[in-house]
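The values are calculated or read from the model by the stated rules, or taken from the named source; none is laboratory data. Bear in mind the structure is a predicted one, so any value in this text is a computation, not a measurement. All Cβ positions, glycine included, derive from the backbone under ideal geometry; neighbour counts span all protein chains shown. The accessibility values were calculated without ligands, DNA or RNA, using every heavy atom of the protein model including side chains. Shrake-Rupley method; radii C 1.70, N 1.55, O 1.52, S 1.80 Å.
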Amino acid sequence: MKKILFRKLLYDCFVFFLVALLSTSIIIWIFQAVNFLDIIVEDGRDYMVYINYSLLNLPKIISKILPFAIFFSFYYVIDKYEANNELMIFWNFGVEKIQLVNFLIFFSLLITSLQLLITIYLVPETQNISRSLIRTSNVDFIDSFVKPRKFNDNINGLTIYTKEKLKDGTLKNLYIKKNENNQNFQITIAKRGEFKNLLNSQLLILYDGQTINKVNNNITNFYFTKSDFNLNALNTDIVKDDKIQETKTIKHIECLKKYFNKNLTFNSKQKNYINHNCSKNTLDNLFQELYKRFITPLYIPILILVSSFLTIIPKENKLYKKSRYLIFGTGIFIIILSEVISRFVTDNFINNLNIMFVPISIFLILYILFRMFIKKNIGAKT
């Protein structure tokens, strides 16, 4: 009978957890997907790049929502069980409170393992793939981000200015500057222009203008009645190197080996360089990222343990309502603490080691308190 009761409670908690996690994540994802429309509108990327890029950010959202979803789910279900006198069934069939809590803690370890898999592998991998999408994709809708009376410099090394943009896409009084490097550039002025796609090539066809070239301090210019400006292989001016959040965990671990061997570099030109996110001046960020991936998930058992405190004081007790608010506030505080404490992670390994033991210490303290409350039968006192 005990197994049936445990399975029923676990089933209710798990179903509510999945509903809360997925619904909240999808809502947040939709809002983010709207913001990602700049990939098309501003950067001129293809629709499929936008869709894939948006979907690849879903695991990151889920990893952020999961701790709150798991706490709220267990808090809500256990509170509902108490309100409906369903917890009395557990006690009447000989289930001890500590047995119930140990069972929930065991389940929390499974959720923690899932969260570790998401934060250590899935999130960095999907973030890295999304960065690769931007890095390897072409600018397919250049005309979409060319705004009149504005210097449009979304494309790396290219600035386009037009005084007027007609409804049919025709550009009037164009100024185009293309920088080859710090010394060489090309300036084109035209009375009219229009975008065309010919044989899979993107062209800006210019009419009635002139082009000025500066190459090795030599300036030349020529006039034209019609000229084709090739826009293929142009890239928007975005960060294409993977950020530290997008770097695979294995690379961060390799960087740690360098750290322990005292063989880290200051820049990427030295021989023992691993990646641009592995150097002495990026150690703080690296340790903070590893904390988020490996340590933050360890707060999940704490959150479930906190929600289990609802079993101590029955609803008949006059302290029941106050205890509910206190337990919920404690859970929210721990969620905030798990995020805020990452700011105290530095390149000092001893300091980081102490921070690593914070969730373990909190869990042990709460577990001891729980056993003490049960032993003293605090819930029975009114």
Single condition Gln115 does not satisfy, out of (1) within 14 Å of Glu194 (Cβ to Cβ); (2) at pLDDT 90 or above; (3) part of a helix (DSSP H, G or I):
(1)
Candidate set from the stretch 297-331 (those that are at pLDDT 95 or above and among the β-branched types (Val, Ile, Thr)); member that is surrounded by the fewest Cβ atoms within 10 Å (Cβ to Cβ):
Thr330
Can you name the number of the only condition in (1) touching a Gly at 6+ places or on another chain (Cβ under 7 Å); (2) open to solvent by 80 Å² or more (accessible area, probe 1.4 Å) that Lys167 fails?
(1)
Output the residues belonging to the stretch 366-382 that are open to solvent by 80 Å² or more (accessible area, probe 1.4 Å) and either modelled with pLDDT under 90 or within 31 Å of the chain's Cα centre (by Cα) (or both).
Lys375, Lys376, Asn377, Lys381, Thr382
Assess whether Glu339 counts as being in contact (Cβ under 8 Å) with a residue 60 or more places away in the chain and open to solvent by 50 Å² or more (accessible area, probe 1.4 Å).
no
Quick check on my filter: what residues within the stretch 170-185 are open to solvent by 50 Å² or more (accessible area, probe 1.4 Å) and in contact (Cβ under 8 Å) with a residue 12 or more places away in the chain?
Lys172, Asn173, Tyr175, Lys177, Lys178, Asn179, Glu180, Gln183, Phe185
Among Thr211, Thr162, Thr220, Thr188, which is the only one that is open to solvent by 30 Å² or more (accessible area, probe 1.4 Å), β-branched (Val, Ile, Thr) and either outside any helix (DSSP H, G or I) or at pLDDT below 90 (or both)?
Thr220
Could you list all residues from the stretch 197-208 that are free of Cβ contacts under 8 Å to residues at least 40 places away in the same chain and surrounded by 14 or more Cβ atoms within 10 Å (Cβ to Cβ)?
Leu203, Ile205, Leu206, Tyr207, Asp208
